[in-house]
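Have a look at the structure below before the remarks.
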């Protein structure tokens, strides 16, 4: 009896599967019938057009990546090379601040050699499209400058670069590193008033003591 029940269940499942497949085939045939030969050709043409468009986009991406690899292949190397310029500048400042070498011929010669070396490096940079960023007396540009400090200066417009802490560089149209700079700001009037009031108070106190 159990076998009969199992057989009946299997037959029922098979029958349902056949009905589903038959329904799918009928639906597919209807779709095929709905499309005319002209419509099928148009559908194929659309698919081909999309395929060619994708291929063209891939070709353009490849060309762009190839050009960038050629133009900026030494980008990381160039960025690391900037340390040479920094070290030369630090060496120059260190020698200038050394009191034992002040106003000596050895100092002048050493600074002269360092300056020649620095110019040679910048010349090599220029040949490879690496240019220093102009900073002093320029308006702060976040694309090329990074403000590190604010310096009170009433002679300059606020946001004007008045000090260059570290020189920045570009390679073609790309930023190698930003210039680290100090920008001007207006003097704080409150602080000035407080200082003036303090000086007036000290002067009055001195005058009072003198009168006594």
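The values are calculated or read from the model by the stated rules, or taken from the named source; none is laboratory data. All values reported here derive from a predicted model rather than from experimental measurement. For neighbour counting, all protein chains shown are included, and Cβ atoms are generated from backbone atoms with ideal geometry for every residue, glycine included.
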The lone exception for residue 127 - which of (1) over 17 Å from residue 90 (Cβ atoms); (2) free of Cβ contacts under 8 Å to residues at least 60 places away in the same chain; (3) surrounded by 14 or more Cβ atoms within 10 Å (Cβ to Cβ) it fails: (3)
Matching residues in region 147-160 - criterion: being within 23 Å of the chain's Cα centre (by Cα) and either in a loop (DSSP other than H, G, I, E, B) or within 17 Å of residue 131 (Cβ to Cβ) (or both): 159
Failed criterion for residue 187 (all others in (1) modelled with pLDDT of 90 or more; (2) touching a strand residue (DSSP E or B) at 6+ places or on another chain (Cβ under 6 Å) hold): (1)
Residue in region 158-172 that is outside the structural domain of residue 86 (by TED's automatic domain parsing), touching a residue at least 40 places away in the same chain (Cβ under 8 Å), surrounded by fewer than 13 Cβ atoms within 10 Å (Cβ to Cβ) and touching a helix residue (DSSP H, G or I) at 6+ places or on another chain (Cβ under 8 Å) present: yes
Single unsatisfied condition, residue 78 versus (1) loosely packed, with under 14 Cβ neighbours inside 10 Å; (2) modelled with pLDDT under 90; (3) in contact with a strand residue (DSSP E or B) (Cβ under 9 Å, 6 or more places away or on another chain): (1)
Near pairs, Cβ below 7 angstrom, 6+ apart or cross-chain, from region 97-111 (touching a residue at least 12 places away in the same chain (Cβ under 8 Å)) to any residue that is surrounded by 10 or more Cβ atoms within 10 Å (Cβ to Cβ) and part of a helix (DSSP H, G or I): 107/95; 107/101; 110/95; 111/92; 111/95
